[in-house]
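Notes follow the structure.
The values are calculated or read from the model by the stated rules, or taken from the named source; none is laboratory data. Predicted model only: the values in this text are computed from it and were never measured. Cβ sites come from the backbone with ideal geometry, for glycine too, and all protein chains shown count toward neighbours.
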Amino acid sequence: MVLVAALAGVLCGSSFAAAPGSGGSVSASEQTCRACHSIDTTKVGPSFRAIAERYRGDSDAVAKLKKSMLEGSSGKWNTGAQMPPNAISAADAERFAGWILGVK
């Protein structure tokens, strides 16, 4: 699953809303995701809404998304795009995976 920018290190001007209920801010690493993802539309990678829909009800969803963010991935969405590993902490990856899964 493509969750992180294919162009590593590209920071976007817009930011995500903080994870629901976290009260915290969003890391620059998460902002990098905006280069390839948006809430509703497919860019290089799938929208966050599509990711949430695909993994809804999957008890391992947070772990799967976290792994993709930390290690990179390819071939999960048949887009031909490869997501590189992202420089994000494991804790931030887990929190962000939870945020994505909360997108309705």
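May I ask you to list the residues in the range 44-61 that are among the β-branched types (Val, Ile, Thr) and within 11 Å of the chain's Cα centre (by Cα)?
Selection gives Ile51 alone.
Results for (1) among the basic types (Lys, Arg); (2) closer than 16 Å to Gln31 by Cα; (3) touching a Cys at 6+ places or on another chain (Cβ under 6 Å), shown as yes or no for each residue.
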residue: Phe48; (1), (2), (3): no, yes, no
residue: Arg54; (1), (2), (3): yes, no, no
residue: Asp58; (1), (2), (3): no, no, no
residue: Lys76; (1), (2), (3): yes, no, no
residue: Glu94; (1), (2), (3): no, yes, no
residue: Ile100; (1), (2), (3): no, yes, no
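Residue by residue, here is whether (1) under 18 Å from Lys104 (Cβ atoms); (2) in contact with a Ser or Thr (Cβ under 8 Å, 6 or more places away or on another chain); (3) modelled with pLDDT under 95 holds:
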{"position": "Ala35", "(1), (2), (3)": "no, no, yes"}
{"position": "Ser38", "(1), (2), (3)": "yes, yes, yes"}
{"position": "Lys43", "(1), (2), (3)": "no, no, yes"}
{"position": "Pro46", "(1), (2), (3)": "yes, yes, yes"}
{"position": "Tyr55", "(1), (2), (3)": "yes, no, no"}
{"position": "Met69", "(1), (2), (3)": "no, no, yes"}
{"position": "Ser73", "(1), (2), (3)": "no, no, yes"}
{"position": "Asn86", "(1), (2), (3)": "no, yes, yes"}
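Pull out all pairs, ordered by first then second residue, where Cβ-Cβ is under 9 Å, the residues are six or more apart or on different chains, the first lies in the range 57-73 and is without any contact (Cβ under 8 Å) to a residue 24 or more places away in the chain and farther than 18 Å from Val103 by Cβ, and the second is surrounded by 16 or more Cβ atoms within 10 Å (Cβ to Cβ) and hydroxyl-bearing (Ser, Thr, Tyr).
Final answer for the pair search is Lys67/Ser73.
So which residues in the range 54-90 are polar (S, T, N, Q) and in a loop (DSSP other than H, G, I, E, B), if there are any at all?
If the condition is that a residue be polar (S, T, N, Q) and in a loop (DSSP other than H, G, I, E, B), then Ser59, Asn78, Thr79, Asn86, Ser89 are the ones that fit.
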